[in-house]
Amino acid sequence: MTAKIIDGKAFAARVRRDVAAHVKTMKERHSITPGLAVVLVGDDPASRVYVKNKHASTVEVGMNSFEHRLPAETSEGDLLALIARLNADPAVHGILVQLPLPDHIDSALVINAIDPAKDVDGFHISNVGLLGTGQKSMVPCTPLGCLMMLRDHHGSLSGLNAVVVGRSNIVGKPMAQLLLGDSCTVTIAHSRSQDLPAICRGADILVAAVGRPEMITGDFVKAGATVIDVGINRIDAGAGKTRLVGDCHFDNCAAQAGAITPVPGGVGPMTIACLLANTLTACARSHGLPEPEGLTA
Ligand code: NDP
C-alpha cells in the first residue's frame, strides 16, 4: 500500500490564509483587530525561536502581536501581575505563556490565572473541564490541528476506532477527548499498556504522541489506517549533524498506512496555525460575533 501523505505544511498555510481573511473582514466591518500576547520568561533558546515564529505568524495574518520578554529571575508575583494586566486589556484577545517556566514559578498557578476566554493554549483548568464535558472551550492547539487534518481526510470520524498513544495533558488527553467528541471509539495507551502493537493494530486512526523517536513501526499499523505522528524528536544523523524524526518510523508505517503525516511538515506547522485560529475565535466570542467556521472543534 502507498500511503497518502497528509501535508500539514500546505494545510497550515490554508488555515493561516483563512484566518487572515477573517481578520481582514473583522477589521473592515467591525474595526476590531484580534490581538495575541505572548509571554516569555527567561532565555531558553528553543522557547525564543518558538516565540519569534509565533510573533511573525501573528503579524502575517494581520493580528496585533504583543510580546512580553521577561528576565529569568522575574518573580511569580510580577508574572501574575502582568497576566492580570493582559486579562484586563481589551486589545488582547489571546494570552500564551511560553512553557516551560523557570523552576521558581508555579506553572499551573500562572496558567490558571489567565482569563479562560483568552486562554488560547487551552490549558486552563476551566477549558480542560469544558472540553471534558463536551462544552464550548478553547482547545489545545496541537490536538486541534490533528483533528482538523483528520476531518479533512475522512470527512466524518463517527464510529472509527481511534488509538491515542500518550496521555499527556497537552496532547494525549485532549486529543482523546476531541476524537470522542467526533464519535470515535477511543483507546488511550501509555507506558504501562500491555501489548501496545496489538492495541494499535485495532486503530483506524492512530495518533502517536509519545516523545520516543520512531518507536511506532509498521507492525503497529492496521492496513489502510490513518497515522498522525505528533512526535518531534531530534536525533543524531552522523557527521556531527542532527535530523528531526517523529514517534513513528515513517517508511515502515507508510508501507502499511492509508494516510500518514510526515515529520517535519505534518502536525508541527498546524500547531501555530491553530494558535492563530484560537485567537481569532477568542476575539469573535469576546465581541459576540459568529465563530469562524472550520477553525474550531
Ligand atoms: P509527554 O512526555 O508529556 O508524554 C508522553 C506520553 O507517552 C506519556 O503519556 C507516556 O506514558 C507515553 N509513553 C512514553 N513511553 C511510552 C512507551 N514506550 N509506550 C507507550 N507510551 C509511552 O509528551 P508530550 O505529550 O508533551 O509530547 C509527545 C510528543 O509530541 C513529543 O515528541 C513532543 O515533542 C511532541 N509534541 C509536538 C508538538 C507539535 O507541535 N507537533 C506539540 C507538543 C508535543 P506515561 O504517561 O505512562 O508516562
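The values are calculated or read from the model by the stated rules, or taken from the named source; none is laboratory data. Computed from a predicted model, the values in this text were never measured in an experiment. Quick reminder, even Gly has a Cβ in these numbers, built from the backbone with ideal geometry, and neighbours come from all protein chains shown. Each accessible area value is taken on the protein alone, full model and side chains, heavy atoms only, with ligands, DNA and RNA left out. Shrake-Rupley method; radii C 1.70, N 1.55, O 1.52, S 1.80 Å.
Among the protein heavy atoms, those of Ser107 account for about 40 Å² of accessible surface (1.4 Å probe, every chain in place). Within the chain, DSSP assigns beta bridges of which about 15% are antiparallel (rounded to the nearest 5). Distance between the modelled labels on Asn53 and Leu180, one decimal in nanometres: 3.0 nm (7 Å Cα→Cβ projection). Remark on Thr185: its backbone amide H falls under 5 Å from those of Gly159, Leu160, Asn161, Ala162, a criterion applied only to residues 5 or more positions apart or on other chains, H modelled at 1.01 Å from N. Dividing the mean sequence gap of close Cα pairs (under 8 Å, 6+ apart) by how many residues the chain holds gives a relative contact order of 22 percent.
With the helix formula -39500 (n - 2.57) applied to DSSP H stretches of n ≥ 4, the chain reaches a computed 222 nm mean residue ellipticity of -12500 deg cm²/dmol. Could you tell me whether the range 141-269 comes out rounded, prolate or oblate from its Cα gyration tensor? Rule is a ≥ b ≥ c as square roots of the eigenvalues, rounded for a/c under 1.5, then prolate if a/b exceeds b/c, otherwise oblate. In terms of gyration-tensor shape, prolate. I'd like the projected area of the range 1-131, averaged over all directions, using the convex hull of its alpha carbons. Report it in nm² with one decimal. Dividing the Cα hull surface by four gives the mean projection, 10.5 nm². Here Thr58 sits with roughly 0 square angstrom of accessible surface, probe radius 1.4 Å. Computed with every protein chain present, the accessible area of Leu70 is close to 40 Å² [probe 1.4 Å]. Computed from label points 7 Å out along Cα-Cβ, the spacing between Glu76 and Asp43 is 2.6 nm.
For Ser156 and Leu99 in one chain, what is 0.36 nm times their gap in residues minus the Cα-Cα distance, to one decimal in nm?
Gain on extension, Ser156 to Leu99, equals 17.1 nm.
Solvent-accessible area of the chain (1.4 angstrom probe, protein heavy atoms only): carbon and sulfur portion equals 52 percent. When the C-alpha to C-alpha distance is required to be over 28 Å, the pairs from Lys136/Lys173; Lys54/Lys173; Lys4/Lys118; Lys4/Lys24 that qualify are Lys4/Lys118; Lys4/Lys24. Per residue, the convex hull around the alpha carbon atoms of the chain comes to 135 Å³.
Counting only protein heavy atoms and a 1.4 Å probe, the chain has 45 square angstrom of accessible area per residue.
Cβ under 12 Å from Met175's Cβ, Met175 left aside: what net charge do those residues give with Lys, Arg +1 and Asp, Glu -1? Charge balance in the 12 Å sphere: +1.
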